[in-house]
Amino acid sequence: LFPYICRMNHLQRLAARYGIREGRAIYMLVMEQRFGLSPTQVLLGKDKELSPHDLALLDNITARLLQGEPVQYVLGECRFCGHDFHVEPGVLIPRPETAELVGMVLAEAPASSRILDIGTGSGCIAVSLALKGHEVTAMDISAQALRIASSNAHRLGAGVQMVQEDILHPRRQEREWDIIVSNPPYIRQAEASEMEDTVLEHE
């Protein structure tokens, strides 16, 4: 009975914070990525069998989510273009629109194009393009972002050149690229009031 009560408590709190549909989706994502339980297994009640250690971990995860921390930061990863990318505060969480941008580049780029990704963040764009056979340079002003991007590139087996650079005050570049792509973080003041606090306060 106790594990069942805990499960309902976590679900109810997430639903109260995010709404029933989103709260349930977040719960299912946590169950799958952190505890290895598929949605079918959750529906069959396997999440009622979590060990005391796992229940304590779920308590911690739920507490962070209730504070508005994005689930991708809490779990430390985000699915993008068929691959799991490590994300943490300091880089933006990849969005579906970013995947659309990758698709647009792939549709236009000749084979083995030289591509520059400005403001690479997690490296999701650069790595995804490199995995398709392109020669990619990833540029960012943030050393932390380049560390995360490098880790993602290494883990996924993508050859990406990392360059720390302030694009607003660039040094002279001797290289040339066929395509320059960028999806920088930007929020107009007029848009900020309409955005979720999980984005404004944590990303």
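Summary table below
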{"read-out": "Max mean-square fluctuation residue, GNM over the chain, Cα-Cα springs under 10 Å, options Met139, Met28, Met104", "value": "Met104"}
{"read-out": "Rounded to 10°, Cα long-axis angle of helix 143-156 versus longest principal axis of the chain", "value": "80"}
{"read-out": "Cα-centred dipole magnitude for segment 96-151, charges only on beta-carbon of K, R (+1) and D, E (-1), debye, nearest 20", "value": "200"}
{"read-out": "Segment 66-192 - accessible surface per residue (Å², probe 1.4 Å)", "value": "54"}
{"read-out": "Accessible area of the chain belonging to carbon and sulfur atoms, whole % at 1.4 Å probe", "value": "53"}
{"read-out": "Leading residue at positive end of dipole, the chain (Cβ point charges), from Leu50, Gly76, Ala126", "value": "Leu50"}
{"read-out": "Accessible-area value, Cys81, 1.4 Å probe, nucleic acids and ligands omitted, Å²", "value": "60"}
{"read-out": "Net dipole in debye of the chain [+1 Lys, Arg Cβ; -1 Asp, Glu Cβ; about Cα centre; nearest 20]", "value": "560"}
{"read-out": "Qualifying GluC sites (Glu not before Pro) for segment 90-180 [loop in DSSP, other Cβ within 10 Å: at most 10]", "value": "Glu174, Glu176"}
{"read-out": "Rounded to 10°, Cα long-axis angle of helix 96-108 versus longest principal axis of the chain", "value": "30"}
{"read-out": "Top of Gly82, Gly121, Gly103 by mean-square fluctuation, Gaussian network on the chain, Cα under 10 Å", "value": "Gly82"}
{"read-out": "MRE, 222 nm, helices only [DSSP H, n ≥ 4, -39500 (n - 2.57), over the chain, to nearest 500]", "value": "-15000 deg cm²/dmol"}
{"read-out": "Principal-axis tilt of helix 52-66 within the chain, Cα atoms, nearest 10 degrees", "value": "60"}
{"read-out": "Among Arg155, Arg175, Arg21: highest mean-square fluctuation, GNM of the chain, C-alpha pairs under 10 Å", "value": "Arg175"}
{"read-out": "Student exercise, segment 82-126 dipole from Lys, Arg, Asp, Glu Cβ charges, in Debye to nearest 20", "value": "120"}
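The values are calculated or read from the model by the stated rules, or taken from the named source; none is laboratory data. All of these numbers come straight from a predicted model, not from anything done at the bench. Don't worry about glycine lacking a Cβ; one is built from the backbone with ideal geometry, like all the others, and counts go over all protein chains shown. To get the accessible areas, we keep the full protein, side chains included, count just its heavy atoms, and leave off ligands, DNA and RNA. Shrake-Rupley method; radii C 1.70, N 1.55, O 1.52, S 1.80 Å.
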